[in-house]
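All remarks here apply to the structure that follows.
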Amino acid sequence: MSEFKLSYCLLPLIFIFFMLTSCSWIENTTTTTEDSSIRFTSFVNPFIGSKGNGTSHSEGNTHPGAVTPWGMVAISPQTFDFNTMHLATGFRSGEDKIYGFSSVNLSGVGCPAAGSVPFKFSSRPFNTATRGSSFSNQTAEPGYYSVFLEDEQINVEATATTRSGIYRVNLPKGKNTIYLDLNAQQGHVKGGVIEAYDQTSVAGYQLEGYFCGSTNRNNVYFNVAMNTPADSLFLIYENKTTGFKERLDDKPSGIVYEFNNTSPKTIHIKVGVSFVSIANAKANLDAEQTGFDFDSIRQKADQTWEQELSKIEIRSGSNDDRTVFYSALYRSLLMPFTFSDYNGEYIKQGSKEVGIADGYTRYTAYSMWDTYRTLHPLLTLVYPERELDMVKTMIAMSDESGWLPKWEIFGTESNLMVGDPASIVIGDTYVKGIDQFDVQKAYRAMIKQADQEEGNIFRRGLKEYKALGYIPMDGVVSDVSNFQWNNGIIWGAVSTTMEFNLADYNIAQVARLLEKEEDYKKYMNRSMSFLKLYDPEYGLIRPKNKDGSWYEPFKPDQELWSEMNFGLRGGPGFVEGSAWQYLFSIPHGIDSLKNKMGEEKFLTQLHTIFNDHHFDMTNEPGLGFPFFYNYTRKKNFSTSQKVHELLGKHFSNSVNGLPGNDDAGTMSAWVVFAMMGIYPDTPGNTNYQIASPSFENIKISLNRDFYTSDRFIIKRSGPKEGYINKISLNDSVIGYQVDHQCIAQKNAVLSIKTTERQEEE
C-alpha cells in the first residue's frame, strides 16, 4: 500500500502548480551561531511552561523532571504539599519550597494524576507532618535533574531509563531520613501499600484514579533498592484511600529509613515501576540498570535524547529561537508514554487481565482530542516507528474493550472530552503511508464507533447526528449541572457535531484507499453536515434545535458556562470556546465553507477572529486558523505574518513561555511545525500548509523503513516574516501546500524565497 501511495505523489504537485498559475540549563543569549559539533540537548530548557502568566488557563503544567523519550518513569520535584491537596502538575516555578520527589509524572495535562512513588529527604527530626524545604542550585537538562535542599543541607540528583530511575542523594553528617510517603502523590486518590521491605529495599503499590472525575482505578507498582543499608527503619500507617472500595487502614502507607552518619554519605536509590506487578517492577529495574552507576545512566539518557532530537537538525539561528524549538520538540516526545513492561506485559484495557505486547511497545496516556491535531502528525512524519506502535496499541485497546480509545490513561478509558479522535489519528496515520498494522481490523473498529448506537458512550448524540446531520440543542445537552463524563449528556452540541464530521472524513479516506466506494461516499457526505449549522446572517456556525430552528439566545463571543461540573467552559453549543473560536474548526471542509461564504466574507471573518481578540492560542480548536490565510488571496504574506506574530507573542525561552496547558505536547508540536514552516492543517489530508520557516535551513531525518528517502530539507532565503514570492520543491515551483508523500521522496528540498514585505493587493 505504501508504494502505491507514493506513486501518485506528482499528481498533487501538478494540481498545486495549476492552482498557483490559475547540558545544564543556562540562559542563552540571542547570538546566532552555526556549529556542527553542538549538541541539540543543550538547547532544551525543561523549565519552559512550568509557570503561568497570571491569566486564566495560562498554566503550562510541564515539569523539569528526569525522563527519557516516551518514558514510563519521570522523576520530578514536588513544590506542593500533596498530602492535603491535588493538582494537575507536581511542579511550578516560583514556589519557594520542595516537599518531595515523585517517580511517575505526566506532562502538560489539565487534571491531577500520577505523582507516584514520592520520596522525601530530611536531615531534621522526622515528623509525618508535611514540611517543605527551601532550595537552590536547581538544574535540569534532558534526562537529568538536581537541586540543593537548603533547609536539609541535602543535594538530590535524579536520572532515568524508560521504566526506572535512580537518585543520588548526598546526606550530611548526623541523623537523616528517607521517607517513601504513598499519601503524597498529586492525584485525587491518596494511599498505597508497603508490601515487602528490608534495610536496602522496599516494594509495594500506590493507588491511582479519579482522573478528571472519571472512574479509572489503577495500581502503580514499584520496587526500590538502595546501595547502602539503613541504620534503622519503621513503617507509617496513614492510608487515606478516598474513593476506593478497598479499605487499607491497617496497611502501611509509608516507610522511613534512618541513617546515623558520622560523616557525609552518598546514597543511591533505584526505582523500578510497572502497572502490572511488583515482580515486573523489579524485572524492569534489573533489566534497565545493573549496579548503582548513576553517571552511566545519566550519560545513556543524554545520548538517547540527543539521538531523538537530532532527527530534526537546525545548525543556525538565534540561541533563543533554537531553544524554543528544541524545548518544544522535547516536550512533544514525552506522551503518550511506555505502558508495557520490559517483558512485554501490560494490563489490558478496562480489566485486570495481563496481556503481551508482541513485537511492539504498548503506550498509555492518550489525550487525543488535543493530540490528533499536531502531535500525532509530528510523530507520523519524524518518528513513524513510534506512531505505528501507538496505532497498534489503539487497535489492541479496541480488541480488549470493544472500543477505540478517546482519553485513555493507565489502561482505563476516562472518556474525557468530545468527538471520536481515535478514528482521526488512525486515518491520518494511514493516508500518510504508515500501513504496517491490521488496517481491516482498524477500519472495522472505526465503523463500529461511527455507526453503533447501542452502548456507544464515545459518540454521544450519535442517533441525532445520523438522523439530522447535527446534534440539536433541545436534546440531552450540556447546559445542566449534572453533567458527567459517562452519563450520556452531551457537552457542546455544535462542537461535537464538528468533531464527528472530521472523524467521518478520516473514515472516508481510509475507505477510499481500501476501495470501499459506497462507504467512502457515505462518510464523506456525513462529514460535510456542519454546513447545516452555517448561519449566513452571522457568518458563523450556530446551534440548532431538532425542528431546524436556530437556538436562542445566540451570543457568538460567549465562552463560559459556569454552572457546569468540573469547571468546564464554552458558550452554549460549544466546548471550551465560542462560536468565533469554532468557525473554521472543520479543516476538511474549509473550501466548502469558503464557497458558501464567498472569499471576501471568509477573509473578513478570519480577520475578525484575530483583530477582535476571538482567537485563543491556549486551546486546540483554532490551532490551524493562522494557516487558513493560505486559502485566500492573502496567502503570500498573511499566513507567515500571523504565525510569527503568534510565535513571538506566546512562546518564549522562559518559565512562562507557553500560553496555556501544553496538553500532552499538543501546543509544543504546534510550535515545532510552525517554526519549520509546514503545518498539517487537515488530519486525513496529506498536504501541509506552508509558511515562512523560522530558520534558514532545517534537515528532517526520515525513517527508511517507512519512506523512500532518508531526509527532507527545508530552506528559507530572505527574512522570516517577509513576503513569500516563490516556493519550490526540488526546483519545481509549487503553491502554498506541499504533499506528505512528495517530501518523502529522495533528496526532497522545499525552498521558500522571501523578500521584505510588499504592499498587499
- Per residue of the chain, what 222 nm ellipticity follows from adding -39500 (n - 2.57) for every DSSP H run with n ≥ 4, rounded to the nearest 500? -8000 deg cm²/dmol
- Could you point to the residue in Gly209, Thr62, Ser694 farthest towards the positive end of the chain's charge dipole, with +1 and -1 charges on the Cβ of Lys/Arg and Asp/Glu respectively? Ser694
- Item | Prolate/oblate/rounded label for the range 340-393 (Cα gyration tensor, a/c 1.5) | oblate
- Query: Any idea which of Ile447, Trp407, Gly461 is furthest toward the positive side of the dipole for the range 401-542, if Lys and Arg beta-carbons carry +1 and Asp and Glu beta-carbons -1?
  - Reply: Ile447
- Query: Given a Förster radius of 25 Å and the C-beta distance between Asp535 and Lys466 as r, what FRET efficiency does 1/(1 + (r/R0)^6) yield to the nearest 0.05?
  - Reply: 0.65
- With the contact rule set at Cα under 8 Å and sequence spacing of 6 or more, what percent relative contact order holds for the range 84-217? 24 percent
- Charges only on Cβ, +1 for Lys and Arg, -1 for Asp and Glu: so what's the dipole of the range 64-136 about the Cα centre, in debye to the nearest 20? 160 debye
- Scalar couplings 3J(HN,Hα) for the range 524-532 by Karplus 6.51 cos²θ - 1.76 cosθ + 1.60 (θ = phi - 60°), nearest whole Hz, x for Gly and Pro, are 5, 4, 5, 5, 9, 6, 4, 4, 5
- Any chance you could run the full-extension gain for Asp231 through Glu517? It's 0.36 nm times the residue separation minus the Cα-Cα distance, nm to one decimal. 95.6 nm
- Over the range 178-270, what is the mean sequence separation of C-alpha contacts under 8 Å (at least six apart), divided by residue count, expressed as relative contact order in percent? 32 percent
- Local charge sum around Asp295 (other residues, Cβ-Cβ under 13 Å, Lys/Arg +1, Asp/Glu -1)? 0
- Query: Can you give the accessible area of Trp550, probe radius 1.4 Å, in Å² rounded to 10?
  - Reply: 70 Å²
- Going by the alpha-carbon gyration tensor, a ≥ b ≥ c the square roots of its eigenvalues, is the range 380-533 rounded (a/c under 1.5) or, if a/c is not under 1.5, prolate (a/b greater than b/c) versus oblate? oblate
- Note on the structure: Residues whose built amide H sits under 5 Å from the amide H of Gln78, excluding neighbours closer than 5 in sequence, are Tyr99, Gly100, Phe101, Ser102
- So which of Lys352/Lys392; Lys432/Lys532; Lys432/Lys596 end up more than 27 Å apart, counting from Cα to Cα? Lys432/Lys532; Lys432/Lys596
- Would you mind classifying the range 135-199 by shape? Square roots of the alpha carbon gyration tensor eigenvalues, ordered a ≥ b ≥ c; an a/c under 1.5 is rounded, otherwise it is prolate if a/b is larger than b/c and oblate if not. oblate
- Task: Would you be so kind as to identify which of Gln436, Gln78, Asn486 lies farthest towards the positive end of the dipole of the chain, taking Lys and Arg as +1 and Asp and Glu as -1 on Cβ and the Cα centre as origin?
- Result: Gln436
- Query: What number in nm² do you get for the range 475-584 if you take the convex hull of its Cα atoms and divide its surface by four?
  - Reply: 7.9 nm²
- Note on the structure: Simple SL model, points at 7 angstrom along Cα→Cβ for Ser136 and Val476; separation in nm is 6.0 nm
- Item | Under-5 Å amide H pairs with Ile678, H placed in peptide plane, nonlocal only | Ala691
- Query: What is the calculated FRET efficiency for Lys173 to Asp705, with r their C-beta to C-beta distance and R₀ = 56 Å, to the nearest 0.05?
  - Reply: 0.50
- Query: Between Thr262 and Glu195, what length comes free when the chain is fully extended (0.36 nm per residue of separation minus the Cα-Cα distance, one decimal in nm)?
  - Reply: 21.0 nm
- Query: Separation between the Glu306 and Asp81 pseudo-spin-labels, each 7 Å from Cα along Cα→Cβ, expressed in nm?
  - Reply: 4.4 nm
- Task: Would you mind working out the magnitude of the charge dipole of the range 283-410 relative to its Cα centre, with +1 at each Lys and Arg C-beta and -1 at each Asp and Glu C-beta, to the nearest 20 Debye?
- Result: 420 debye
- Shape box of the range 211-300 [Cα atoms, principal axes, largest first, Å]: 45, 33, 24
- Item | Residue-wise HN-Hα coupling along the range 465-475, computed from phi with Karplus coefficients 6.51, -1.76, 1.60 (Hz; x: Gly, Pro) | 4, 5, 7, 9, x, 7, 9, x, 7, 9, x
- Quick one: Kirkwood hydrodynamic radius for the range 600-714, alpha-carbon pairs, angstrom, one decimal? 15.4 Å
- Note on the structure: Taking a crude spin-label model, label points 7 Å out from Cα along the C-beta direction, the Asp399 to Ala129 distance in nm is 5.5 nm
- Query: Does anything in the range 621-639 have its amide N under 17 Å from the 7 Å Cα→Cβ label point of Glu600, and if so which residues?
  - Reply: 632-634
- Message: I'd like the carbon and sulfur percentage of the solvent accessible area for the chain, probe radius 1.4 Å, heavy atoms only, ligands and nucleic acids excluded.
- Response: 47 percent
- Counting only DSSP beta bridges with both residues in the chain, tell me the antiparallel percent, nearest 5. 95 percent
- Message: For the range 557-639, what does the relative contact order come out to in percent, with C-alpha contacts under 8 Å and a separation of six or more?
- Response: 23 percent
- Item | FRET efficiency for Lys448 and Ser37, using Cβ-Cβ distance with R0 set to 56 Å, rounded to 0.05 | 0.60
- For the range 154-166, 3J(HN,Hα) per residue [Karplus equation, 6.51 cos²θ - 1.76 cosθ + 1.60, θ = phi - 60°, Hz, x = Gly/Pro]: 10, 9, 10, 10, 8, 8, 8, 10, 5, 10, 8, x, 9
- Message: For Lys726, what residues show an amide H to amide H distance below 5 Å, using hydrogens built from the backbone and excluding near sequence neighbours?
- Response: Lys753
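The values are calculated or read from the model by the stated rules, or taken from the named source; none is laboratory data. Keep in mind that this is a model prediction, so the values were computed, not measured. Because the Cβ atoms are built from the backbone with ideal geometry, glycine has one as well, and the counts that use them run over all protein chains shown. Ligands, DNA and RNA are excluded from the accessible area calculation, which covers all protein heavy atoms including side chains. Shrake-Rupley method; radii C 1.70, N 1.55, O 1.52, S 1.80 Å.
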